[in-house]
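None of the figures in this text is laboratory data; all of them are computed from the coordinates on show. From a predicted model like this one, the values you see are computed outputs, not experimental measurements. Every residue, glycine among them, receives a Cβ derived from its backbone with ideal geometry; neighbour counts consider all protein chains shown.
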Amino acid sequence: MCGIVGYTGNRPALPFLLNGLRTLEYRGYDSAGVELEDASGELLEVKCRGRVAALAGLCEGLDAHQTIGIAHTRWATHGEPSDANAHPHRDCSGRVAVVHNGIIENYQELAAELAERGHSFKSETDTEVIAHLVEEELAGAAEGDLALALSLAASRLTGSWAIACVSADAPGEILCARKGSPLVLASTADGAYAASDVTALAHVTSHVINLDEGGIARLLPSGEIRVFESDLTPVAEPGTFDIDWNASAATLGGYPDFMAKEIAEQPEAIERLLEGRLGDSGIVLDELSLTPEEIAAIDRIYIVACGTSWHVGLIARAYFERWAGVPTTVECASEFNYEEVLTTDHTLCVIITQSGETADTLASARKMRAVGAKVIAITNVLGSTAARESDGVIYVQAGPEIAVASTKAYTAQLVASALLALFLARANDSISLKEVRARYREMLRVPELIRIVLSRAWQDEVAARAFVDAGSSLFLGRGLSSTTAREGALKLKEISYLHAEAYPAGEMKHGPIALVEQGYPVVVVVPESPVRDKTISNLQEVNARGACVIALATNGDVRVAQLADYLLLVPPAPEWLSPVVDVVHLQLLARYVALARGCDVDKPRNLAKSVTVE
Ligand code: M6R
């Protein structure tokens, strides 16, 4: 949801800023812009509607000697994608420029107030009020002190923000502020850097400063970074963390797109996650800071997440209930935040979030902590807000996920949920050590099972033909496979723009079957499981109505093979692990359909990787 970068130092700023925007482009890509400042404070702005490549084109041939700058790639919230609404935004004098990620909820009243005092606005964005507020403070109480001006301006805002600001009145300095939206900083011999996330900084440092909630930071050309609380009280020791992957992990490395790369990386990601997780007394999850007594006492679980991570939760519920015997509720964070919760004295909230920055999910975690629940985060991003604000965190260690469509994080989160469920089950004595070992051994086989599916990508490429000219499609499954069907449909929708309806296979005859006509594509997820026969009956029902059936089935399932137009075969897997293996076919299928329909699989329209606004 918008990416911001900033640099002040001894090198030309533009190359880092454009590169940084390219790596952050997955956060939003409807417009982009850059503000450069020279040593005397003179500002130079370039911005446009469109992707970072369009901005880079406009910057070609520019005399870009400036060593200070801020930049932005946008996912529109207020105001259509246009040149005027692209960031940076300036004040009336043109001496202050800001970039912003988040939403200023009270911008209308602030804009009205500022307009009354003579400010004129050039955009329809919520962000522009920040520039005008800073302008007023610089001329008033702050008397030219940019840090004080930004702190006073921020105190007028409600909503969420990560802001980077430069001013001709404070040459060389970049001021940053953060509340509710992520921002990381780096201090190096070449200068000081700011970015929405570590992917933009991984090639300049492995050591990163986390700007805390409400914090203000002052970046100086020497590389020095001074961190303050919102009232400018200095923070002596700001939180830091080390990036544990190499910058090359965020590059294509020979793959045609990030989605292809991330699908292929799933076996290694799961191997990494499982390594060393079985100890003498069960699953090892040292990173949870809850006491054994607290874990054993858990008598109710809320899993809260969004999108693909919510699908992980739907499967994880089965793990928690089957093994640990703890009643578990799964909620979409955006709905959960406005509902009553029924907690006990020993309620656990598990938030699942790849980015660790999804605003709705973070709000749910805060809500649950406020009522006394313990919160455990399952996340992929080190040092993310979810990790920092939780009582315990399981990092899924999938490596940077750049494609907007989540793939490797999904399967790694499923495995992490299984580890957590086995851990709880052992702690509350619902499961024997022998069974934990057996389940762990089954998990160790998953990377190999996924490799087999990957080697059958040709089946998905062939099956993609059934969707190329379709106007809609249906995904069916029963039991755990009904969630695999949901995830497959979501993948298809988000990257190929083809409508895909997911439904529990048995429910289909209560409505969606009316969609089925000759040639209508229906994906039926029917691996070996206790509900296989029932699912085959549903497959026959759509078959009888002329559907083009794409069946995901276990090797050697002749009965399904006879009924299907296209087959996606999976190796035999334990029922509880089939969601981790089967979904890989549906990821591949979605990608092939999207490519056949000429879509950009990594940057689908209207979407952003990290949804940092509610
Ligand atoms: O970072 P999170 O896991 O919290 O993100 C949640 C959703 O926004 C995300 O899973 C989204 O649905 C993906 N684009 C799905 O591929």
Worksheet item: How would you order 365-376, 333-344 from highest to lowest mean count of nearby Cβ atoms within 10 Å?
Response: 365-376, 333-344
Item to complete: Please report the relative contact order for the range 3-241, taking Cα pairs under 8 Å with a sequence separation of at least 6, and give it as a percent rounded to a whole number.
Response: 21
Worksheet entry | the range 8-124, relative contact order [Cα under 8 Å, separation at least 6], % | 28
Response to the item:
Exposure proxy check on 458, 576: fewest-to-most Cβ neighbours within 10 Å is 458, 576
Worksheet item: So, in nm, how far is label residue 605 from label residue 343 when the simple model puts each one 7 Å beyond its Cα toward the Cβ?
Response: 4.3
Worksheet, complete the sentence: Quick calc, residue 230 & residue 93: beta-carbon distance into FRET formula, R0 22 Å, rounding 0.05, result 0.30
Item to complete: In square nanometres and to one decimal, what's the mean projected area of the convex hull around the Cα atoms of the range 258-444?
Response: 9.4
Worksheet, complete the sentence: Taking a crude spin-label model, label points 7 Å out from Cα along the C-beta direction, the residue 517 to residue 371 distance in nm is 4.7
Practice prompt. Find the relative contact order for the chain and round it to a whole percent, using C-alpha pairs within less than 8 Å whose residues are 6+ positions apart.
Written response: 12
Discussion item. Can you give the local net charge around residue 408? Use residues other than it whose beta-carbon is closer than 11 angstrom to its beta-carbon, Lys and Arg +1, Asp and Glu -1.
Written reply: -2
Practice prompt. Please report 244, 63 as a ranked list, fewest other C-beta atoms within 10 angstrom at the top and most at the bottom.
Written response: 63, 244
Practice prompt. In square nanometres and to one decimal, what's the mean projected area of the convex hull around the Cα atoms of the range 454-596?
Written response: 7.1
Worksheet entry | Translational D in µm²/s for the range 338-386 (Stokes-Einstein at 25 °C, 0.890 mPa s, Kirkwood Rh from C-alpha pairs) | 221
Item to complete: Scan around residue 609 for amide H atoms under 5 Å from its own, H built in the peptide plane at 1.01 Å from N, and keep only partners 5 or more places away or cross-chain.
Response: 27, 28
Worksheet item: Cβ under 12 Å from residue 295's Cβ, residue 295 left aside: what net charge do those residues give with Lys, Arg +1 and Asp, Glu -1?
Response: -3
Worksheet item: Given the chain, what whole percent of its Cα pairs are spread farther than 32 Å?
Response: 50
Discussion item. Could you give each residue of the range 173-183 its phi-based ³J(HN,Hα) in whole Hz, using Karplus coefficients 6.51, -1.76, 1.60 with θ = phi - 60°, and x for Gly or Pro?
Written reply: 8, 10, 9, 10, 9, 9, 8, x, 10, x, 7
Worksheet entry | the range 77-93 - phi-based ³J(HN,Hα) in whole Hz, Karplus 6.51/-1.76/1.60, Gly and Pro as x | 10, 10, x, 5, x, 7, 4, 5, 7, 5, 7, x, 10, 10, 7, 5, 7
Worksheet item: What residues have an amide H closer than 5 Å to that of residue 378, excluding those fewer than 5 places away on the same chain, when H is modeled at 1.01 Å from N in the peptide plane?
Response: 351, 352, 353, 394
Discussion item. Can you tell me the convex hull volume per residue for the range 3-241, based on C-alpha atoms, in Å³ to the nearest whole number?
Written reply: 103
Discussion item. If I model a spin label as a point 7 Å beyond the Cα along the Cα-Cβ vector, how far apart are those points for residue 206 and residue 40 in nm?
Written reply: 4.3
Worksheet item: By count of other Cβ within 10 Å, fewest leading, how are 322, 178 ordered?
Response: 322, 178
Discussion item. For residue 524, what residues show an amide H to amide H distance below 5 Å, using hydrogens built from the backbone and excluding near sequence neighbours?
Written reply: 476, 550, 551, 552
Fill in: Surrounding net charge for residue 344, when Lys and Arg each add one and Asp and Glu each subtract one, Cβ distance under 12 Å
0
Practice prompt. Give the Rg/Rh ratio for the range 531-593, taking Rg as the radius of gyration of the Cα atoms and Rh as the Kirkwood radius, to two decimals.
Written response: 0.96
Item to complete: For residue 84, put the label point 7 Å out on the Cα→Cβ axis and report which residues of the range 98-130 keep their amide N under 12 Å from it.
Response: 121-125
